[in-house]
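Notes follow once the structure below has been shown.
Since every read-out is calculated from the coordinates, none of them should be taken as a lab result. This structure is a prediction, so every number in the text was calculated from the model and none was measured. Every residue, glycine as well, gets a Cβ built from its backbone with ideal geometry; the counts of neighbours run over all protein chains shown.
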Number of protein chains: 2
Amino acid sequence: MIRIIAVGKCKEKAMLALINEYQKRLKPFVKTELIEVADEHAPQSLSLAQMEQVKQKEGERILSKLKDSDYVILLDLAGKMIDSVALSEQIASLQTYGNSDIAFVIGGSLGIAPALIQRSDFRWKLSDLTFPHQLVRVLLYEQLYRSFTILHHQPYHK
Amino acid sequence: MIRIIAVGKCKEKAMLALINEYQKRLKPFVKTELIEVADEHAPQSLSLAQMEQVKQKEGERILSKLKDSDYVILLDLAGKMIDSVALSEQIASLQTYGNSDIAFVIGGSLGIAPALIQRSDFRWKLSDLTFPHQLVRVLLYEQLYRSFTILHHQPYHK
């Protein structure tokens, strides 16, 4: 079971459509679930302390969704970059060694709470580029689909 | 004027919707155009020589769309990775020094012809990850929108 835990509701219809499409394609390979936790109101005028508070609150909401058995892969600009094949190998090795519960975590727009970094098992940098958090969900789903086609030696359906 | 020259027609409605959205948002900042050249039929059974032929034909179609005045940024997994701020600075510096015609080139699914690599002024690696070519268009448009909000000190509209 793979769960994707993200902050904020995705409202962009086109992105939702893409996520749905990848969820459907992943079904023969693995069960996935997208869990959205509420985001905090974060106007541009927030002080640094207030920004930390937003991160902390959003972090707590994510932590409450994590199970002890989850192997947590945190999407983090300060993480390690890996390519698509390495990602598929990591998923395969987790499944082989009994970590069948994987949780991918996408933090909120202000960043990631320290407690969440501590709980994570692997910090993954998707790209040097900054993408909107909703688009990151699409990219993650696409990479999961790609990983499972690699693992199952299936052609990638374009 | 920024042109994006890509191989193959994007048929996925949700991706087209996202591209349209970013085109609309870019309008106040810069004129953009998406040019799609025909892709070659490329079944999985192709020999290496045939694959080279596909790349060459697609490459020629792209080259025929490039103007001498174009500063060509080629999306290339063997290129250099830069972050969103560096991309915006590169665009700003090109505009300052009179290279107002920028062409971003996204090759076909089999890769990029050598002639295209030679013509390019900058080879840009978007990510270590492989993404479908149609999704790359969305990512590129999003980064262009992000770049221009950075250059014009405007808030990023999520």
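Given Cβ point charges of +1 (Lys, Arg) and -1 (Asp, Glu) and nothing else, what value in debye, to the nearest 20, does the dipole of region A:114-158 about its Cα centre take? Write out the running numbers ahead of the final one.
Values: 6 positive and 3 negative charges, 8 e Å.
Dipole magnitude for region A:114-158 comes out near 40 debye.
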Item to check | For B:Tyr71, distant residues with modelled amide H under 5 Å away | outcome: B:Asp101, B:Ile102, B:Ala103
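Pull out a ≥ b ≥ c, the square roots of the eigenvalues of the alpha-carbon gyration tensor of region B:1-141, then state rounded if a/c is under 1.5, prolate if not and a/b is larger than b/c, and oblate in the remaining case.
prolate
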Checklist entry - Are there chymotrypsin sites (Phe, Trp or Tyr not before Pro) in region A:96-158 that DSSP marks as loop and that have at most 11 other Cβ atoms within 10 Å, and which are they? => result A:Tyr97
Next on the checklist: Below 8 Å, C-alpha to C-alpha, sequence gap of six or more: please give me the relative contact order for chain B in percent.
Outcome noted: 33 percent
Checklist entry - Going by alpha carbons, how many degrees (0 to 90, nearest 10) lie between the helix axis of B:133-151 and the longest principal axis of chain B? => result 20 degrees
Item to check | For region B:1-66 and region A:1-51, distance of Cα centres in Å | outcome: 29 Å
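Using Cβ counts within 10 Å as a stand-in for footprinting exposure, how do B:Ser47, B:Ser84 rank, fewest first? The partial results should precede the final answer.
Working: B:Ser47 8, B:Ser84 19.
Ascending Cβ contact count within 10 Å gives the list B:Ser47, B:Ser84.
So which chymotrypsin sites (Phe, Trp or Tyr not before Pro) in region B:1-75 pass both tests, a DSSP loop state and at most 14 other Cβ atoms within 10 Å of the Cβ?
Numbers: sites: B:Tyr22, B:Phe29, B:Tyr71; in loops: B:Phe29.
Nothing satisfies the criteria.
With each run of n ≥ 4 DSSP H residues scored as -39500 (n - 2.57), what mean residue ellipticity at 222 nm is computed for the protein assembly as shown after dividing by its residue count and rounding to the nearest 500 deg cm²/dmol?
Values: 10 runs with 140 residues, N = 316.
Computed ellipticity for the protein assembly as shown at 222 nm equals -14500 deg cm²/dmol.
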Checklist outcome for this item: Counting sequence-distant residues (5 or more places) and residues on other chains, those with an amide H built under 5 Å from that of A:Ile5 are A:Ile35, A:Phe104, A:Val105, A:Ile106
Item to check | Integer Hz, Karplus 6.51/-1.76/1.60 couplings in order for region B:9-22, x for Gly and Pro | outcome: 8, 7, 9, 5, 4, 5, 5, 4, 5, 5, 4, 4, 4, 5
Checklist entry - Dipole of region A:1-128, Cα-centred, from +1 at each Lys and Arg C-beta and -1 at each Asp and Glu C-beta, to the nearest 20 debye? => result 320 debye
Next on the checklist: Compute a Gaussian network model of chain B, connecting alpha carbons closer than 10 Å, and tell me which residue from B:Val30, B:Val72, B:Val54 fluctuates the most.
Outcome noted: B:Val30
Checklist entry - Copy-to-copy spacing for A:Phe29, label 7 Å out on the Cα-to-C-beta vector, in nm, shortest first? => result 3.3
Checklist entry - Hey, what angle do you get for helix B:84-96 against the long axis of chain B, alpha-carbon based, 0 to 90 degrees rounded to 10? => result 80 degrees
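Exceeding 31 Å between C-alpha atoms, which entries from my cross-link table qualify? They are A:Lys80/B:Lys11; A:Lys9/B:Lys27; B:Lys67/B:Lys125; A:Lys11/A:Lys125.
Values: A:Lys80/B:Lys11 33 Å; A:Lys9/B:Lys27 27 Å; B:Lys67/B:Lys125 23 Å; A:Lys11/A:Lys125 24 Å.
From A:Lys80/B:Lys11; A:Lys9/B:Lys27; B:Lys67/B:Lys125; A:Lys11/A:Lys125, over 31 Å: A:Lys80/B:Lys11.
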Checklist entry - Using alpha carbons only, how many degrees (0 to 90, rounded to 10) separate the axis of helix B:48-65 from the longest principal axis of chain B? => result 40 degrees
Checklist entry - How far is B:Lys125 from itself in the other copies, in nm, if each label sits 7 Å out from Cα along the Cα-Cβ line, shortest first? => result 1.2
Checklist outcome for this item: The long-range amide H neighbours of A:Asp76, using H built 1.01 Å from N in the peptide plane and a cut-off of under 5 Å, are A:Trp124, A:Lys125, A:Leu126
